[in-house]
2 protein chains.
Amino acid sequence: MAAKSEPRGAEETRAGDVLHRMRLDIISCALKPGTRMRFETLKELYAVSFSTLREALQRLVAEGLVVSEGQRGFMVAPLYLSDLQDLTNVRVLVDQECIARSILHGDDDWEAQIIAAFHRMDRLKARLNDLYFMSDEWAVLHGDFHRSLVSACQSPTLLDFRDKLFQRAHRYRRMSCQFRTKWRPKDVEHRTLMETVIARDAPAAKNLIERHIRETTENVIQNAGQFLSTEPTAFPGIIKSMAAE
Amino acid sequence: MAAKSEPRGAEETRAGDVLHRMRLDIISCALKPGTRMRFETLKELYAVSFSTLREALQRLVAEGLVVSEGQRGFMVAPLYLSDLQDLTNVRVLVDQECIARSILHGDDDWEAQIIAAFHRMDRLKARLNDLYFMSDEWAVLHGDFHRSLVSACQSPTLLDFRDKLFQRAHRYRRMSCQFRTKWRPKDVEHRTLMETVIARDAPAAKNLIERHIRETTENVIQNAGQFLSTEPTAFPGIIKSMAAE
DNA sequence: GATAGTCACATTTTCGAAAATCCTTAGAAT
DNA sequence: ATTCTAAGGATTTTCGAAAATGTGACTATC
């Protein structure tokens with residue numbers, strides 16, 4: 001796992017660096033879903049103090065990657081089937097909108113970045129035949145490609161939300177890899193997606209991205225659905241009412 | 001402002017309590033947008049230590065109510081015209097979806113809660129004639145009403161996102177109140193909205209909520225648009241060399 | 001006059017000890 | 001056997017001092 005590495009932190013502050021490393025460890029499932037995060041352990045893992053850890057943890061709570069249980073510490077957010085399904089539906093909505101807006105606003109440079117991202121992803125896949133999708137590097141390039149599609153949507157708020165959804169969904173994909181029995185070929189889909197987006201065919205692109213997201217989820221459920229907890233009662237942090245009293 | 005009050009915190013942890021109070025102070029504009037948050041000041045205001053403050057601040061950064069500037073501390077997130085417009089568009093998308101899903105899934109109890117929320121809001125408005133919309137209590141009841149409309153949408157992720165958007169938007173409404181020159185009557189809209197939702201007319205409800213959100217934003221811009229900064233390119237990728245001077 | 005370097009001060013950020021809280025076990029009472 | 005209470009240890013949470021960093025003023029040099 002990435003923990004304790006990165007000697008020269010690109011982050012500006014130590015808490016930011018820990019946040020970055022912790023997030024990576026959680027979405028890569030190096031920190032396993034549902035495990036309690038004891039401070040003594042974390043302190044050793046990331047080599048920082050209590051307070052600094054807490055800062056990072058609070059951010060991760062807000063991102064939905066960690067849950068805090070009252071005064072009983074923190075734990076890596078569990079993986080629920082119901083959460084995966086919820087996530088899938090919301091991602092379809094958001095990604096469809098982002099793609100449509102990108103098609104509307106994107107310029108030549110946007111198209112170029114999509115083609116570049118696809119190329120990088122495609123070449124890595126050729127180099128790492130068969131088990132390419134288990135490598136960390138492919139996860140990065142695959143994420144970059146999908147982001148390039150939506151990057152011209154002109155909405156920081158929507159884009160930020162999309163990224164968080166993508167990260168949360170990545171944990172399920174990651175878990176599914178370990179138990180995979182079969183894997184459908186997605187490379188054709190990616191190419192079609194790219195071509196459709198660059199052809200500025202918004203309705204077709206929306207259909208494609210929806211199919212892509214939903215089929216991936218189905219794949220995850222087939223591979224690892226039995227390992228997902230089915231406790232659906234968890235309604236994450238809901239902010240009640242507003243304003244003072 | 002709510003700061004330093006609430007002697008017996010309903011929150012489980014002190015950091016959670018400070019987070020709650022700070023959030024209230026920010027969305028009510030008691031902490032003015034764009035002001036730097038010095039720790040010495042905050043420590044006195046909220047009567048907690050540095051580390052506890054930082055925990056709350058990190059959460060607020062993730063919620064978009066506070067921005068952190070490298071090693072130069074934190075500041076209350078500024079109010080930008082471009083952010084308001086972005087926020088408006090995203091809120092339309094999300095609220096429309098939430099309402100449609102609520103209409104699909106809502107039961108009798110959901111309808112009852114809508115009616116109850118509307119009634120509370122309506123009666124308060126009758127009691128506080130004219131300047132009702134400046135009171136904190138009305139902000140709460142108005143927020144509760146809008147939330148009741150979408151509360152049956154069956155998606156924790158979407159609902160949570162919606163709440164954060166609503167809070168961010170509330171700061172703009174709040175600011176606009178202070179400079180208001182005119183205010184359009186929204187009470188009729190609210191009633192129509194309620195009736196349409198309970199009549200399960202999804203397309204009509206989606207139209208109404210879109211109009212409601214967009215017109216409110218237009219109202220805010222007319223009242224206080226001149227006080228909103230137009231500074232940031234707001235797009236991380238576009239260089240702001242032009243605005244720089 | 002403008003630029004670079006240096007120092008003192010203000011502010012933020014980090015740390016680990018101390019306080020608060022939770023959890024487990026043991027023993028007693030019903 | 002079950003429930004309740006107490007004590008002890010384990011863990012989290014909070015605090016303020018100490019370290020790190022940014023800021024601004026002043027001087028020296030070109």
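Odds and ends about this structure:
- Boolean, B:I26 is in the same structural domain as B:L158 (by TED's automatic domain parsing) and not polar (S, T, N, Q): no
- The residue of region B:24-47 that is nearest to DNA strand C (Cβ to nearest atom), among those that are closer than 17 Å to A:E55 by Cβ and surrounded by 19 or more Cβ atoms within 10 Å (Cβ to Cβ), is B:M37.
- Failed item in (1) at the interface with another protein chain (Cβ under 10 Å from one of its Cβ atoms); (2) in contact (Cβ under 8 Å) with a residue 12 or more places away in the chain; (3) in a loop (DSSP other than H, G, I, E, B); (4) not acidic (D, E), with B:G34 passing the rest: (1)
- Index of the failed condition, A:V92 passing every other in (1) open to solvent by 20 Å² or more (accessible area, probe 1.4 Å); (2) more than 16 Å from DNA strand C (Cβ to nearest atom); (3) farther than 17 Å from A:R171 by Cβ: (1)
- Selection status of A:T52, more than 30 Å from A:M194 (Cα to Cα), of a type in the set (S, T, N, Q) and either at pLDDT 95 or above or open to solvent by less than 40 Å² (accessible area, probe 1.4 Å) (or both): yes
- Here is the figure for region A:73-94: residues that are assigned to a helix (DSSP H, G or I) and within 12 Å of chain B (Cβ to nearest Cβ) total 13.
- Residues of region A:47-72 satisfying the condition of being within 11 Å of DNA strand D (Cβ to nearest atom) and either in a helix (DSSP H, G or I) or assigned by TED's automatic domain parsing to the domain that holds A:T217 (or both): A:F50, A:S51, A:T52, A:L53, A:R54, A:E55, A:L57, A:Q58, A:V61
- Criterion applied to A:E44, A:E97 was being in a helix (DSSP H, G or I) and either modelled with pLDDT of 95 or more or away from DNA strand D (no atom under 16 Å from the Cβ) (or both), and the one residue passing it is A:E97.
- Residues in region B:114-145 that are open to solvent by 50 Å² or more (accessible area, probe 1.4 Å), within 30 Å of A:L93 (Cβ to Cβ) and within 13 Å of chain A (Cβ to nearest Cβ): B:D144 only.
- Annotation: B:I103 fulfils all but one of (1) farther than 23 Å from B:H170 by Cα; (2) within 12 Å of chain A (Cβ to nearest Cβ); the unmet one is (2).
The values are calculated or read from the model by the stated rules, or taken from the named source; none is laboratory data. All values reported here derive from a predicted model rather than from experimental measurement. So basically every Cβ, Gly included, is an ideal-geometry build from the backbone, and we count neighbours across all protein chains shown. With ligands, DNA and RNA removed, areas are computed over all heavy atoms of the protein, side chains included. Shrake-Rupley method; radii C 1.70, N 1.55, O 1.52, S 1.80 Å.
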